[in-house]
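Just below is one structure, and these are the notes that go with it.
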Amino acid sequence: MYVQVYNKDMGNKNYIMYNKGSNMGECCRNNGGRIMETKNYKFWFCTGSQDLYGDECLRKVAEHSAKIVEGLNASGRLPYEVVLKPTLISQASIRQTMNDANNDPMCAGVITWMHTFSPAKMWILGLKEDKKP
């Protein structure tokens, strides 16, 4: 399988041969006879919730999120590792996380999941600032 990636350092698109089940960071591509190693990017998994239901509920939210991330990573279907981020329960934490993702060159994208009712208004500002896929 070939995966198209954009190499910002070289300013062009490249195709990388990716073997299912291998770590994308270990894959290489041929560039005019030269072999180049790709970076080991990560996807961020961000869970939305709120603290109206108490600490016990938030612990369960974190457990469920960890199981989802574990399953995604164990599937062997993703080119990069999925990293669990803390549960986001406020507009400020959402905004900060999206800006952190924007500024992390190893973050390939953000996956969001709303575990419990999470008011959309809390997410508007953070998602407007999100520059990752």
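Listed values, structure above:
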read-out	value
Qualifying trypsin sites (Lys or Arg not before Pro) for region 52-99 [loop in DSSP, other Cβ within 10 Å: at most 14]	ARG77
P(r) weight above 19 Å for region 42-129, C-alpha pairs, percent	38 percent
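We did not get these values from a lab; they are worked out from the coordinates using the rules stated. Only a predicted model underlies this, so the values are computations on that prediction, with no experimental measurement involved. All Cβ positions, even for glycine, are placed from backbone atoms using ideal geometry, and neighbour counts span all protein chains on display.
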